[in-house]
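Working notes, structure below.
What follows is calculated from the coordinates using simple rules that are stated; it is not laboratory data. Not measured: the values here are computed from a predicted model. Neighbour counts are summed over all protein chains in view; Cβ atoms, including those assigned to glycine, are modelled from backbone coordinates with ideal geometry.
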Amino acid sequence: MSNKPVTDALKKVLAESYGLMLKTQNYHWNVEGPNFPGLHALFMVQYSELFLAVDLVAERIRALGEKAPGSYGEFGKLSKIKDGDGELDADFMVKDLYESNVTLLASIKKAFAAAEKAGDQPTADLMNARSALHEKTVWMLKSSLPKQTRLKLAV
């Protein structure tokens, strides 16, 4: 039942989702400044959602007959998302999360394409839902940045 291109793409999504969850929780704990209450709450919503997502993605990998990666070492090899720095100021945290969500969104879209090509509708549905959520997250994070920073962003 396993389809290697699909499970390989899902493993990358899993690793990047987990890394983004940790980074977002780090920033939730360490954000400071005049926007603290709103960013603290926003980051909590985002890392809580990612916590649920990693389980869904890992279970989909298992349903396809593969073992899900589950260690920092494995995740580090699969992910382009780097650790967060809790010493950053709030705007840099938001920008970093924005960029990390854009990175994850690209991996999700590749997994969606692999699932579509394989005729794997459950995986395509899962990736479609993940894509919609991260598109909203990207918008919310971008909207939280000062205008001069927003104008410099790629997406």
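Cross-link candidates for residue 117: which aspartates and glutamates have Cα within less than 15 Å, leaving aside residues fewer than 8 places away along the same chain?
8, 125
How many lysine pairs does the stretch 1-112 hold where the Cα atoms are under 18 Å apart and the two sit 8 or more places apart or on different chains?
28
Give me the net charge of residue 112's neighbourhood, meaning all other residues with Cβ under 11 Å from the Cβ of residue 112; Lys, Arg count +1, Asp, Glu -1.
With Lys, Arg at +1 and Asp, Glu at -1, the net is +1.
Whole-Hz ³J(HN,Hα) for each residue in the stretch 87-96, computed from phi via Karplus 6.51 cos²θ - 1.76 cosθ + 1.60 with θ = phi - 60°, x for glycine and proline: what do you get?
Those phi angles translate into 8, 5, 7, 4, 5, 5, 4, 4, 4, 5 Hz.
Taking a ≥ b ≥ c as the square roots of the eigenvalues of the Cα gyration tensor of the stretch 92-155, is the shape rounded (a/c under 1.5), prolate (a/b larger than b/c) or oblate?
Because a/c hits 1.5 or more and a/b exceeds b/c, the stretch 92-155 counts as prolate.
Within a Cβ distance under 11 Å of residue 7, other residues only, what is the Lys/Arg minus Asp/Glu net charge?
+3
Sort 59-65, 95-101, 44-50, 8-14 by the packing proxy (mean of other Cβ within 10 Å over each peptide's residues), most packed first.
8-14, 95-101, 44-50, 59-65
Report, to the nearest 10°, how far helix 121-143 tilts away from the longest principal axis of the Cα atoms in the chain, using its own Cα long axis and a range of 0 to 90°.
With both axes taken from Cα atoms, the answer is about 10 degrees.
Give the aspartates and glutamates reachable from residue 152 as a straight Cα distance under 19 Å; neighbours fewer than 8 places away on the same chain don't count.
89, 91, 96, 99, 135
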